[in-house]
1. Taking the Cα-to-Cβ direction at Q87 and at K75 and moving 7 Å from each Cα, how far apart do the two end points lie in nm?
2. What per residue convex hull volume, in Å³, comes out for the range 134-190 when only alpha-carbon positions are used?
3. For the range 271-415, rounded, prolate or oblate, judged on the Cα gyration tensor with a ≥ b ≥ c (square roots of eigenvalues), a/c < 1.5 rounded, else prolate if a/b > b/c?
4. Just want the answer: with Cβ charges of +1 for Lys and Arg and -1 for Asp and Glu, which residue in A311, N80, I393 is farthest toward the dipole's positive end in the chain?
5. Can you work out ³J(HN,Hα) from phi for every residue in the range 334-340, in order, using Karplus 6.51 cos²θ - 1.76 cosθ + 1.60 and θ = phi - 60°, giving whole Hz and x for Gly and Pro?
6. Using 0.36 nm times the number of residues separating A293 and Q189, minus their current alpha carbon distance, what extension gain do you get?
7. What does DSSP give for the chain in terms of the percent of beta bridges that are antiparallel, rounded to the nearest 5?
8. Please compute the contact order of the chain in relative form: average sequence separation of alpha-carbon pairs under 8 Å and at least six residues apart, divided by the residue count, as a percent.
Amino acid sequence: MRIRTAGVVAVFGLALAATGCGGDGNEPAANESSQAAGGKLVIWADDKRTAALQPFAEKFGAENGVTVEVQAVSKELQTNFVTASQQGSGPDVVVGAHDWIGNLVQNGAIEPVQLSSEQKSAFNETAVKAVTFNGQVYGVPYAMENLALIRNTELAPQAPKTIEELVATGKQLQSQKKASEILCLQVGQNGDAYHIYPLYTSAGGYLFGTAANGDYDPKDLGVGKPESIAAFKKIGELGEKGAGALKRSISDTNSIATFTAKKCAYLVSGPWAVADAKKANIAYDISPIPGFAGGKEAQPFVGVQAFYVAAKGKNKVLAQEFVTNYTSTPELAVALYEAEPRPPALTAAFDKVKGNDPDLAKFTEAGKNGQVLPAIPAMAAIWDPFGKAEAAIVGGADPTKTITAAGNTIAGQIK
């Protein structure tokens with residue numbers, strides 16, 4: 001499940017417990033050999049990836065004569081990592097989303113990885129672009145993700161070509177008492193910029209313009225401009241006082257469950273939702289998210305999961321070796337895919353698993369024209385004001401006033 005949170009909750013107990021990550025504080029500088037630095041490598045990952053990483057970490061440790069610990073951080077991984085890094089008690093390697101990069105670089109928490117041109121060419125080009133910040137590669141990507149339309153084919157046999165067609169079919173299913181909701185697209189009380197973004201782009205909205213080199217330009221903020229106002233007018237027409245396709249009662253906690261309970265025919269979600277659909281024995285298909293009739297193509301965000309080298313880790317030489325030469329192997333990428341099926345970023349790994357998982361190609365097709373989720377620090381200012389504006393507009397608030405105010409708030413935070 002992909003959830004964006006604006007709050008910052010630092011779990012200091014975890015950070016302090018990790019004080020022994022690299023040794024007792026009397027070790028040599030990080031640029032000395034791994035053996036001199038205590039021969040210990042500590043990796044932080046979330047719960048799902050920890051188990052998959054464990055056997056590979058043990059193998060790497062055995063091959064290099066070192067101890068490797070994979071520690072699970074179940075909540076606020078990015079926040080805990082930054083806090084621990086500042087305290088000098090963080091890990092050597094951390095696993096996380098690519099859109100963390102701007103914040104992590106700004107906080108001096110990660111350093112570039114040393115990938116050769118040959119190594120970079122082995123990955124999906126978009127994945128490499130996602131982990132590149134200010135002209136430097138900061139992570140080794142292993143998985144990609146984007147939203148798509150997951151459809152209950154018993155309720156809706158054909159993929160809708162437009163959002164209007166989807167709404168019409170959804171309303172028909174409601175009138176026939178076959179479904180209670182038109183669309184399961186999570187909004188919640190605070191909105192969800194990530195999930196609404198495809199419709200926002202289809203209606204002409206944008207978050208940031210791009211500079212000459214293709215990087216996102218924080219000085220060109222689209223929120224609050226005429227394009228975003230026009231986009232939210234169309235989104236508002238789908239809301240609670242309009243078509244009723246978008247509702248604040250559909251949130252991150254119930255959107256997938258509502259779909260698997262057959263209460264809606266359409267779900268906008270990512271690869272993480274497929275396991276629940278299979279468990280519920282839902283006959284489903286995956287297709288691109290439809291845009292507005294006469295509008296632009298809906299563009300979901302494309303996100304990447306990656307391995308990073310901690311800038312203040314106790315064992316950076318060993319960390320670079322593990323991240324650049326070990327996490328880039330097909331065997332590890334496939335194991336991580338099996339732990340949570342998302343399209344592997346490594347081409348060889350993708351080719352290895354795609355034959356047994358037709359969903360991978362469908363998600364990839366749904367995201368082929370997507371936009372790389374901005375990793376610039378200014379993106380942190382977007383999530384909360386944009387999301388709350390979306391929720392208000394879905395609830396019936398005036399789009400012009402609401403998104404203009406959100407744009408002013410975001411611009412003030414970026415400055």
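Read the figures in this text as sums done on the coordinates, not as results from a lab. None of the values given here were measured: they were computed from a predicted structure. Every residue, glycine among them, receives a Cβ derived from its backbone with ideal geometry; neighbour counts consider all protein chains shown.
1. Taking the two extended label points, one gets 1.6 nm.
2. 178
3. Working: a/c = 2.59, a/b = 1.30, b/c = 2.00.
Oblate is the answer for the range 271-415, as a/c is 1.5 or above yet b/c matches or exceeds a/b.
4. Most positive-ward Cα: I393.
5. Calculated HN-Hα couplings, in order: 5, 4, 5, 4, 5, 5, 7 Hz.
6. Details: separation 104, 0.36 × 104 = 37.44 nm, distance 2.76 nm.
Gain in length upon complete extension: 34.7 nm.
7. Numbers: 28 of 41 bridges.
Taking every DSSP beta bridge with both residues in the chain, the antiparallel ones total about 70 percent.
8. Values: 871 pairs, mean separation 110.6, N = 415.
Reported as a whole number, the value is 27 percent.
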